[in-house]
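Just below is one structure, and these are the notes that go with it.
Since every read-out is calculated from the coordinates, none of them should be taken as a lab result. Note that this is a predicted model, so its numbers are computed, not measured. So basically every Cβ, Gly included, is an ideal-geometry build from the backbone, and we count neighbours across all protein chains shown.
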Amino acid sequence: MTVIAAGGFANLGEPWASLLIGLLAIVGIVYTALVVAAVAGVVKAPAATRTRVAWIAFIFFFPLLAAILWFAVGRSRAAGPQTQS
């Protein structure tokens, strides 16, 4: 019987354990970067304060979904209508 010690997967001695830990670290870094970039984009957006506060609250409660939605639709709407010259 294998007992998982305080070290978690690293103590299992399985070849996939290090790969899993590395993959989870990369996913965590990408997730954090995406959320931080979304918040920074909202703060810098030329939108009304109420709109920015709503987006930041949305990102706080639903980080992954809100960050994806911000980059998909929020930035273009926050910039306002585009005028052609």
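Calculated over the stretch 30-77, the projected area of the Cα convex hull averaged across directions stands at 2.8 nm².
Net length available on complete extension from residue 43 to residue 76 is 10.5 nm, with 0.36 nm assigned per residue and the Cα-Cα distance removed. If r is the Cβ-Cβ distance from residue 30 to residue 51 and R0 is 30 Å, what FRET efficiency results, to the nearest 0.05? Calculated value: 0.70.
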